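Written below as C-alpha cells is the structure these notes are about.
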Amino acid sequence: MIDKLLPPPVVTAEAFQDAPVSQMFPEEWALVAGAVPKRQKEFGTVRGCARSALAELGFAPAPLLPGPKREPQWPAGVVGAMTHCNGYRAAAVARSAEFRTIGLDAEPHLPVNDPGVVDLVTLPEERPQLARLAAAQPEVCWDRLIFSAKESVYKAWYPLTYRWLDFQEAHLTLDPTNATFTARLLVPGPVIDGRELTEFSGRWLIGAGLVVTGIAVMV
C-alpha cells in the first residue's frame, strides 16, 4: 500500500499481521519485556518492517532502538520513519544522500468523533476547510486525515530540529484533487543549506480501512 505513497528510491515495508516477538533482538525485547502483549507485538513487528526495508538498501539486520524522544535511531547514512496502528505496521527508509527526512503515519479511517480532540489538533482557520471537504466528500474522514498528516509533519520535522512541534504550529491545506497536502510552518523552520524550510508537502492514501500519510523531503 505505502509503496504508492512515497517516491522512489524511498524503500517501504508493511505488515497487516504481527510477527512473533521472538524475532526481536534482545536489546529491543528488553525495552518492552514488561509491556502488554499488544505493545510488544507492534514494537517488534514495525521494527521487522524497518529491517526489511533497510535490507533493500544493503544493511544487515541490527537492533533498531528508540532515541530520547522515542524517535527511531537509524543506521548512519539513513533517514526514515515508522508507524503502527490497529492492524497495520509500516516503515519507510532512504539514504540521507538522497533525502533529508521522511514522515509517515497511519491511522484507522474512522471519524475522530471528539470535538475536543479536533479542536486540539486543528487551527480555527483549518476547520472551515474540513467542513467544506466533509460536505463534498462525506465518505472521507477528514478530521482523521488531518490528524495523520500533522503526525507525519512532526515525524519529518523532528530529525531536522530535535524540537517539539505542536499540532497548532503548522497550517495544513488539503488538496483532494490529487490527494496531497501542504503544511505551512508557523514557527521558524530548520535551516538547510543556508535556507529556511518553511513548509512540508505530502500525500495520502485511503484503503484497507486506513488513512496513511507520508512526506519525503529530497536533498
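Count of the range 178-217 residues, restricted to those that are charged (D, E, K, R), touching a strand residue (DSSP E or B) at 6+ places or on another chain (Cβ under 6 Å) and either more than 20 Å from Ala81 (Cα to Cα) or buried (at least 20 other Cβ atoms within 10 Å of the Cβ) (or both), is 2. Those residues that are out of contact with any strand residue (DSSP E or B) (no Cβ under 6 Å at 6 or more places or on another chain) and among the small types (Gly, Ala, Ser), I need them from the range 127-148; list them, please. Ala131, Ala134, Ala135, Ala136 - these are the residues of the range 127-148 that are out of contact with any strand residue (DSSP E or B) (no Cβ under 6 Å at 6 or more places or on another chain) and among the small types (Gly, Ala, Ser).
Does Ser152 fit the bill of being closer than 29 Å to Ala76 by Cβ, of a type in the set (S, T, N, Q), modelled with pLDDT of 95 or more and in a helix (DSSP H, G or I)? Yes; evaluated as a whole, the condition is true for this residue.
Cβ-Cβ contacts under 8 Å between residues 6 or more apart (or on different chains), taken from a first residue in the range 62-81 that is on the phi < 0 side of the Ramachandran plot to a second residue that is among the basic types (Lys, Arg) and part of a strand (DSSP E or B), are listed as Val78/Arg95; Val79/Arg95; Val79/Arg100. Within the range 2-24, the set of residues being buried (at least 16 other Cβ atoms within 10 Å of the Cβ), among the hydrophobic types (A, V, I, L, M, F, W, C) and in a loop (DSSP other than H, G, I, E, B) comprises Leu5, Leu6, Val10, Ala19, Met24.
Of all the criteria given as (1) surrounded by fewer than 20 Cβ atoms within 10 Å (Cβ to Cβ); (2) in a loop (DSSP other than H, G, I, E, B), the one not satisfied by Leu165 is (1). Within the range 42-85, which residues are modelled with pLDDT under 95, open to solvent by 50 Å² or more (accessible area, probe 1.4 Å) and within 24 Å of Ser22 (Cα to Cα)? Answer for the range 42-85, where residues must be modelled with pLDDT under 95, open to solvent by 50 Å² or more (accessible area, probe 1.4 Å) and within 24 Å of Ser22 (Cα to Cα): just Arg70. Going by the structure shown, is Pro108 surrounded by fewer than 17 Cβ atoms within 10 Å (Cβ to Cβ) and either hydrophobic (A, V, I, L, M, F, W, C) or out of contact with any strand residue (DSSP E or B) (no Cβ under 7 Å at 6 or more places or on another chain) (or both)? No.
If you filter the range 25-72 down to residues that are of a type in the set (Phe, Trp, Tyr) and in a helix (DSSP H, G or I), you find that the one that is nearest to Ala91 (Cα to Cα) is Phe43. Among all positions in the range 122-141, there is at least one residue which is of a type outside the set (A, V, I, L, M), assigned to a helix (DSSP H, G or I), at negative phi and open to solvent by less than 30 Å² (accessible area, probe 1.4 Å). The condition (being more than 30 Å from Arg51 (Cβ to Cβ), touching a strand residue (DSSP E or B) at 6+ places or on another chain (Cβ under 8 Å) and free of Cβ contacts under 8 Å to residues at least 12 places away in the same chain) is satisfied by just one residue among Asp175, Asp114, Asp166, Asp119: Asp175. Taken over the range 168-177, residues that are surrounded by 12 or more Cβ atoms within 10 Å (Cβ to Cβ) and farther than 19 Å from Leu6 by Cβ amount to 6.
Would it be correct to say that Ser201 is among the small types (Gly, Ala, Ser) and assigned to a helix (DSSP H, G or I)? So Ser201 does not fit the description; no.
The values are calculated or read from the model by the stated rules, or taken from the named source; none is laboratory data. All values reported here derive from a predicted model rather than from experimental measurement. Neighbour counts are summed over all protein chains in view; Cβ atoms, including those assigned to glycine, are modelled from backbone coordinates with ideal geometry. These area figures cover heavy atoms from the full protein model, side chains too; ligands, DNA and RNA do not enter into them. Shrake-Rupley method; radii C 1.70, N 1.55, O 1.52, S 1.80 Å.
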